[in-house]
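K.L.:
Just passing along the structure, written as structure tokens.
Each reported figure results from applying straightforward, stated rules to the coordinates on display, with no laboratory input. These numbers come from a predicted model, not from an experiment. Note that we place each Cβ from the backbone using ideal geometry, even for glycine, and neighbour counts take in every protein chain shown.
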Amino acid sequence: MSETNWEPIKVRFCEHKQCEVALEVQAVYPPEVLPDQAPRITGHRCSLGISCNMDSPSCVWSGTNPTFDPFLEK
Ligand code: SF4
């Protein structure tokens, strides 16, 4: 049976939430009968994106401001 996990790939300080947040990928690992296959990436999210969605417009990962992506900043 395949296994699905949300895994962090990048951590940033978020000015909007005033804390560290992670950009996460949803990785689907193949079942044990196919051990040599790489995991498939089926989604991306911010670790606090759901709670951010409830307040003022913030960034692309909360779905409220498509012009700002804090994970693209250096
Ligand atoms: S969704 Fe955007 S604004 Fe909200 S915590 Fe994540 S990075 Fe910060």
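K.L.:
How large is Rg/Rh for the stretch 3-56, to two decimals, with Cα atoms and a Kirkwood Rh? All intermediate terms of the calculation are to be shown ahead of the outcome.
P.N.:
On the way: Rg = 14.4 Å, Rh = 12.7 Å.
Rg/Rh for the stretch 3-56 comes to 1.14.
K.L.:
Oh, and also: About the Cα centre of the stretch 3-56, how large is the charge dipole given +1 on each Lys and Arg Cβ and -1 on each Asp and Glu Cβ? Please answer in debye to the nearest 20.
P.N.:
The dipole magnitude comes to about 200 debye.
K.L.:
Something else: Compare the Cα positions of VAL60, LEU23, ILE50 along the charge dipole of the chain (+1 at Cβ of Lys, Arg; -1 at Cβ of Asp, Glu; about the Cα centre) and return the one farthest towards the positive end.
P.N.:
Among VAL60, LEU23, ILE50, the one farthest towards the positive end of the dipole of the chain is VAL60.
K.L.:
Out of the chain, which GluC sites (Glu not before Pro) are coil in DSSP terms and have no more than 14 other C-beta atoms within 10 Å? Write down the numbers at each step before the final one.
P.N.:
Values: sites: GLU3, GLU15, GLU20, GLU24, GLU32, GLU73; in loops: GLU15, GLU32, GLU73.
Loop-located and lightly packed - GLU15, GLU32, GLU73.
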